[in-house]
Structure formats: structure tokens, C-alpha cells
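What follows is one structure encoded as C-alpha cells, with my remarks underneath.
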Amino acid sequence: MIRAVLSQACRIAPVALLSAGVLVAAPAWAETAKKGPAVTAGDAEPASAEATPDAKKDAEKPSDGPSGGISVLERMGAELPALPAEKPFTGKVDDAYGAFQRGRYLTAMELALPRAQLGDPAAQTLVAEILDRGLGVKRNRDQAMFWYAQAANGGDPTGMFKYAILLMERSRSKEDRKKADELMKKSADLGNASAQFNYGQVLVADSPGDKGLREALPYYEKSAEQGIADAQYALSQIYINLKDLPEEKTRRAREWLLRAARAGYDTAQLDLGMWLVNGTAGERDYEAGFNWMKRAAEGGNPVAQSKLAQLYIHAIGTRSNPVEAAKWFVLARRAGLNDPSLEDFYLGLNDEQQKAAIAAANKYRSGS
């Protein structure tokens, strides 16, 4: 599994930490609430007496019709600490990379190739990237691998990372795997954020359990600080599950989960919704939890869709709406996730409600 993750060179896919006792993949509802009791209908706090504009609009809709929900933009959780100020760039402007960033790939190749042939590691990485992705030229992964290898040998951290990825993807020999791990570590130690996350994954895979997590933690932290959402999510799970960590780290578990959620990581949005509802790693906030669960559900996460249906049934963070609950159950079931308790709820609805839910699911799926 770790090798599949490492094969994603351009965008690291959401992953599961290969360890015992640390949930990184979508967990069960009760398992996520390790530091707070699971929510039932009786746990929900009474709605505020002060009606918001959205609440007034919702009140005007039929009680058995699909609601528009609460806008996730209205409640995004607590403010995060400000990121460090970006350091001003004082180096030499690279015309080849500038052309690449503007989408002028042939110009970038024309500018970079002569430099690459003269041994410029950064230019070699750029040529390899253009060939690897087929940007303006015919894709040629063999040539890309050659230029990534040249860049790695020349000391370019990005070239090292990309070459390590290709070695893991294209070779099954132990020697190439060992070389890939060495390059990944070297790139990580030189500050490449993606390499830092991936080398953390290598350490966890090689040493499952607390030992691997503790060895990987510094790499996850460095990667998270540089904005890699996968690393931010991993930190949130490690900080809340790994024992004997300094208190200042455990206090930041929800902060890192929020950062990953804001970056669009749907599993982080799902978990954040559950943490807020269940009071995990902080105070309960039903409304914010509902908003994040809805955001993950709208992004297509089936587990979030199933959990959102439960929130609508029990009026947690929103008003009760059986048709809307049934709509999200139908969407989750179509995606392959069938919760027996939700199916019982659905079968208990009358024919008109079931038809309304199916129509709403069809309409939602069609994008209309």
C-alpha cells in the first residue's frame, strides 16, 4: 500500500498510515469519538432562540422537502494561527521555470534543454517534468527517468524525489527500492515537502506501530508546516493517538485537522465533522460539525454522506429533515455504502417521502 502512495508524483493521494491503533482512513463513527461519548439524539443541544436568516428561509420550506442546509462558508471553525510570513525571493529569476508556470511548455523546454545538457540539475528536473507529463511534447517516461536521474545525481531535491517515485513505480528490485528510499530521505532532509511526507510513510511501513510513528513524526511535522494536507491530516491523528507526546502537540491535533480540511481533503473534513459533533480534542460544536460533514458529503465522500443522513435524522447541527436524510442515504448506498440502520429508517418512510428522496438524489447527482 505504501508503494502505491509513493507512486503519485504530482499529487499525493489521501492515504492510510500503516500502523496499529492510528486511524487515518475514514473511521467508524464511534471509533473517532475516543475522547468523547458517541452522539445520540438526546445529546443534541436545543436550538438557539435567535433565528438566523438561513433558519427563517428553511422554516418556510415544507418539512418533508430537501433543505438547502447551512452554508459551510458561514461557519468554518475557529481561526487558525497565522502562517509565517513568506520570505522575499532574492535569487536569480529562472526564465525556463517562468515559462513553465505560464503554460508555455515548448518555450520552457527550449530554454531548459541546453542548460540541462550542460549539467544544470534544476533544468534537468524541468526537462524531465515536461517529458514525464507530456506537456507540449510527446510523453516519454524513459527519457524523463534519465533526466530525473541526472538531476538527482546533481543534487536537486525535486529531482531526487521524482526519481525515487519512478524507481518505486517501475522497478521491483530490492536494490532500486533501497536506492529510492535513500533518495527520498536525502530529498526530505534537503527540505522537499512531498519527500518529507513520503519518507515518513516509508518509516511507518518499515516499522509498524509506535516506533515507526515516532521516527516518522519529525518528517510529517516538517511537511505539514509546508502545507502538505496529507501530512497535516496524519499529524492530527498521531497527535491525538500517540501516547506520551508533549501537551503542546496534543493541543494542536484539531488545528492540523482543520488545516487539512480547509485544503480540501475530504477525509479530514469528515473527521473534523465527527470531532466537532463528538467533542473530540476540543469543545463540541454541532453546527460547525454539521457544516464540515456536509462539505465532505457534497464532495462525494460516501461515509460523510451516510453520517450526514444521521445528523439530519437526529437534528444535530441542523433541523430534522427525513427527506434530506433519505436523500443522502440513497447517495451513499449508490456509492456502495449501505448502513442497515439507515436502510431501516428509509423503509419506514411513506411512499411520498421515499419518492421525494430519490428525486432529490437524482437531481443532486445530475448537478441540476
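The values are calculated or read from the model by the stated rules, or taken from the named source; none is laboratory data. Values in this document were obtained by computation on a predicted structure and should not be read as measured data. Because the Cβ atoms are built from the backbone with ideal geometry, glycine has one as well, and the counts that use them run over all protein chains shown.
Scanning segment 105-134 for residues that are at negative phi and surrounded by fewer than 16 Cβ atoms within 10 Å (Cβ to Cβ) yields 106, 110, 114, 117, 118, 133.
Checking each residue in segment 181-209 for being touching a residue at least 60 places away in the same chain (Cβ under 8 Å), surrounded by fewer than 24 Cβ atoms within 10 Å (Cβ to Cβ) and at negative phi picks out 205, 208.
Residues considered: 128, 112, 108. Of these, the only one that is under 16 Å from residue 160 (Cα atoms), in contact (Cβ under 8 Å) with a residue 12 or more places away in the chain and in a helix (DSSP H, G or I) is 128. For segment 131-152, a residue qualifies if it is under 20 Å from residue 188 (Cβ atoms) and either free of Cβ contacts under 8 Å to residues at least 24 places away in the same chain or part of a loop (DSSP other than H, G, I, E, B) (or both), and exactly one does: 149.
Does residue 339 fit the bill of being free of Cβ contacts under 8 Å to residues at least 12 places away in the same chain and more than 30 Å from residue 222 (Cα to Cα)?
On the way: free of Cβ contacts under 8 Å to residues at least 12 places away in the same chain: no; more than 30 Å from residue 222 (Cα to Cα): yes.
Answer is no for this residue.
Among the residues making up segment 135-178, those that are over 20 Å from residue 118 (Cα atoms) and hydrophobic (A, V, I, L, M, F, W, C) are 135, 137, 161, 164, 165, 166, 167, 168. Within segment 210-251, can you find the residues that are touching a residue at least 40 places away in the same chain (Cβ under 8 Å), touching a Phe, Trp or Tyr at 6+ places or on another chain (Cβ under 6 Å) and among the β-branched types (Val, Ile, Thr)? The one that is touching a residue at least 40 places away in the same chain (Cβ under 8 Å), touching a Phe, Trp or Tyr at 6+ places or on another chain (Cβ under 6 Å) and among the β-branched types (Val, Ile, Thr): 228.
Taking the numbered list (1) touching a Leu at 6+ places or on another chain (Cβ under 7 Å); (2) surrounded by fewer than 24 Cβ atoms within 10 Å (Cβ to Cβ) in turn, residue 169 passes all entries but (1). Checking every residue in segment 278-295 against the condition of being of a type outside the set (S, T, N, Q), out of contact with any helix residue (DSSP H, G or I) (no Cβ under 9 Å at 6 or more places or on another chain) and surrounded by fewer than 22 Cβ atoms within 10 Å (Cβ to Cβ) gives at least one match.
Mind checking which residues of segment 97-131 are over 33 Å from the mean Cα position of the chain (by Cα) and among the charged types (D, E, K, R)? Of everything in segment 97-131, those that are over 33 Å from the mean Cα position of the chain (by Cα) and among the charged types (D, E, K, R) turn out to be 110, 115, 120.
Per-residue answers, yes or no, for (1) of a type in the set (Lys, Arg); (2) modelled with pLDDT of 95 or more:
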{"site": "243", "(1), (2)": "yes, no"}
{"site": "251", "(1), (2)": "yes, no"}
{"site": "259", "(1), (2)": "yes, yes"}
{"site": "267", "(1), (2)": "no, yes"}
{"site": "275", "(1), (2)": "no, yes"}
{"site": "281", "(1), (2)": "no, no"}
{"site": "292", "(1), (2)": "no, yes"}
{"site": "301", "(1), (2)": "no, yes"}
{"site": "323", "(1), (2)": "no, yes"}
